[in-house]
Amino acid sequence: MKNMLRKLPLAIFSVALLLTAVNPLSAADYLPRDHKSFSDVVVGGDETYRNLHVVGRSVLIDKPILGDLLAAGANIDISGSVAEDVHLVGGSLNIKAVVGGDLILAGGTVSLAEEARVGGDLWAVGGTINLNNFVAGEGKLAGGDIFINGTIVGDLEVWSGERLIFGPQSRVSGPITHYGRAPAVIESGAQVGTI
């Protein structure tokens, strides 16, 4: 299990880079525009993006994206809303925004703040996953330590290498399937169904 979790982010990162490199005809903007540097990328200001593909050491999205977002980097922070789907691969992923569609993440540390909302499904792989947000669809999570203290409306499948903890604010409406070394911890106040 640990070997799979270590290799999966690298595989997803490789696929993300390949898609960005070989799909120049897609209706997307690419940052950085010079394609030669691997630097910090900040998306803000007056420019509008429909679909955006970003690769950088550090990526900050601080403005709304009107379509899909695909990003890879060591550190990724998303605070601007994304109207459609988001795919992120990186070392540290921090989401504080509304995502209209599905959210697919692979990272060392994955954190979704309370103000983050996912309009579709959430799929996440990470060493540590912290979910404090609302997910309208289903959740599929795989990681070492997984902490859920938000709402998931649909079904939930979890593969935990170390711990799965449902915090006092967690709400899971659908059935929960858990594969892990230890039983899930359900803290007082959590509203979750049968695991």
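The table below gives the values:
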{"quantity": "Every pair of residues 6+ apart whose Cβ atoms lie under 8 Å, when the first sits in the range 153-167 and is over 15 Å from residue 124 (Cβ atoms) while the second is among the small types (Gly, Ala, Ser) and open to solvent by 60 Å² or more (accessible area, probe 1.4 Å)", "calculated": "153/173"}
{"quantity": "Residues satisfying the stated conditions in the range 97-106, i.e. within 18 Å of residue 44 (Cα to Cα) and either open to solvent by 10 Å² or more (accessible area, probe 1.4 Å) or at pLDDT below 95 (or both)", "calculated": "98"}
{"quantity": "Tally of residues being closer than 18 Å to residue 167 by Cα and not in a strand (DSSP E or B) across the range 123-137", "calculated": "2"}
{"quantity": "Which listed residue is under 30 Å from residue 182 (Cα atoms), at pLDDT 80 or above and either open to solvent by 30 Å² or more (accessible area, probe 1.4 Å) or of a type in the set (Asp, Glu) (or both), from 3, 94", "calculated": "94"}
{"quantity": "The range 112-136, residues that are open to solvent by 20 Å² or more (accessible area, probe 1.4 Å) and among the small types (Gly, Ala, Ser)", "calculated": "113, 119, 127, 136"}
{"quantity": "Wholly within the range 64-122, strands (runs of 3 or more DSSP E) carrying at least 2 residues that are touching a Pro at 6+ places or on another chain (Cβ under 7 Å)", "calculated": "103-112"}
{"quantity": "Condition broken by residue 109, with the remaining ones in (1) open to solvent by 10 Å² or more (accessible area, probe 1.4 Å); (2) in contact (Cβ under 8 Å) with a residue 60 or more places away in the chain satisfied", "calculated": "(2)"}
{"quantity": "The range 142-195: number of residues that are buried (at least 19 other Cβ atoms within 10 Å of the Cβ) and not in a strand (DSSP E or B)", "calculated": "3"}
{"quantity": "Count of the range 72-96 residues which are over 19 Å from residue 40 (Cβ atoms) and touching a strand residue (DSSP E or B) at 6+ places or on another chain (Cβ under 7 Å)", "calculated": "5"}
{"quantity": "Filter result for residue 59 (modelled with pLDDT of 95 or more, in a strand (DSSP E or B) and at negative phi)", "calculated": "yes"}
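The values are calculated or read from the model by the stated rules, or taken from the named source; none is laboratory data. Since the structure is predicted, the reported quantities are computational estimates derived from the model, not experimental observations. With ideal geometry, Cβ positions are generated from the backbone for all residues, glycine too; neighbour counts draw on all protein chains shown. Side chains included, ligands, DNA and RNA excluded: accessible areas come from the protein's heavy atoms. Shrake-Rupley method; radii C 1.70, N 1.55, O 1.52, S 1.80 Å.
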